[in-house]
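Before any comments, here is the structure.
The values are calculated or read from the model by the stated rules, or taken from the named source; none is laboratory data. In this text the structure is predicted, and so the values were computed from the model without any measurement. Cβ placement follows ideal geometry from the backbone for every residue including glycine, while neighbour counts extend to all protein chains displayed. Keep in mind that these areas ignore ligands, DNA and RNA; they rest on the heavy atoms of the full protein, side chains included. Shrake-Rupley method; radii C 1.70, N 1.55, O 1.52, S 1.80 Å.
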Amino acid sequence: DIIRTIRDPEKPNTLEELEVVTENCVEVQEIGEEEYLVIIRFTPTVPHCSLATLIGLCLRIKLQRCLPFRHKLEIYISEGTHSTEEDINKQINDKERVAAAMENPNLREIVEQCVTEPD
């Protein structure tokens, strides 16, 4: 429910409407007392999607802000759905790269537009 309303950076649609994220792409495992591992596997609309890293960043930021429990978060591109999935997976799961990306005012503004709930 948290990620279904994230908007695509290029289109007026949500990631759910574009089937970039679905209920089946979310996995939650208990890893400790009141601590969970949340795994998201998203599918870009095309195998060469230039905004796949940005979509992963939006997923991470929205979940970090909204999950009501202690968690470890792993976000991946669905296997075989993007030409540079390995590189993108590394980027969106690297805390330092995510922090650096969110320090960029232009990038931060785009992420905020994508993750802000519609009125």
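Of all residue pairs spaced 6 or more apart or on separate chains, those with beta-carbon atoms under 6 Å, a first member in the range 101-116 that is free of Cβ contacts under 8 Å to residues at least 12 places away in the same chain and a second member that is assigned to a helix (DSSP H, G or I) are 108/102.
Which one is most open to solvent (accessible area, probe 1.4 Å), of the residues in the range 102-119 that are within 18 Å of residue 15 (Cβ to Cβ) and part of a helix (DSSP H, G or I)? Steps first, answer last, please.
Going through the range 102-119, the residues within 18 Å of residue 15 (Cβ to Cβ) turn out to be 107, 110-118.
Among the residues that remain, those that are also part of a helix (DSSP H, G or I) are: 107, 110-115.
Values: 107: 52, 110: 64, 111: 0, 112: 60, 113: 105, 114: 6, 115: 11 Å².
Of everything passing the filter in the range 102-119, 113 is most open to solvent (accessible area, probe 1.4 Å).
Can you report the number of residues in the range 1-38 which are hydrophobic (A, V, I, L, M, F, W, C), outside any loop (DSSP other than H, G, I, E, B) and touching a Lys or Arg at 6+ places or on another chain (Cβ under 9 Å)? Break it down into steps so the answer makes sense when it comes.
Residues of the range 1-38 that are hydrophobic (A, V, I, L, M, F, W, C), as a first pass: 2-3, 6, 15, 18, 20-21, 25-26, 28, 31, 37-38.
Now drop any that are not outside any loop (DSSP other than H, G, I, E, B), which leaves 25-26, 28, 31, 37-38.
Restricting the remaining residues to those that are touching a Lys or Arg at 6+ places or on another chain (Cβ under 9 Å) gives 25-26, 31, 37-38.
Result for the range 1-38: 5.
In summary, residue 46 fulfils each of the numbered conditions (1) in a helix (DSSP H, G or I); (2) over 20 Å from residue 117 (Cβ atoms); (3) open to solvent by less than 60 Å² (accessible area, probe 1.4 Å) with the single exception of condition (1). Six or more apart or on different chains, Cβ atoms under 6 Å: show the pairs whose first residue is in the range 49-66 and within 16 Å of residue 84 (Cα to Cα) and whose second is in a helix (DSSP H, G or I) and open to solvent by 40 Å² or more (accessible area, probe 1.4 Å). Once the first residue is within 16 Å of residue 84 (Cα to Cα) and sits in the range 49-66, its partners that are in a helix (DSSP H, G or I) and open to solvent by 40 Å² or more (accessible area, probe 1.4 Å) give 53/91.
Within the range 27-55, being under 18 Å from residue 97 (Cβ atoms) and in contact with a Phe, Trp or Tyr (Cβ under 9 Å, 6 or more places away or on another chain) holds for 40, 42, 52, 55. Considered as a group, the residues in the range 63-87 that are farther than 16 Å from residue 53 by Cα and not in a loop (DSSP other than H, G, I, E, B) include one that is farthest from the chain's Cα centre (by Cα), and that residue is 70.
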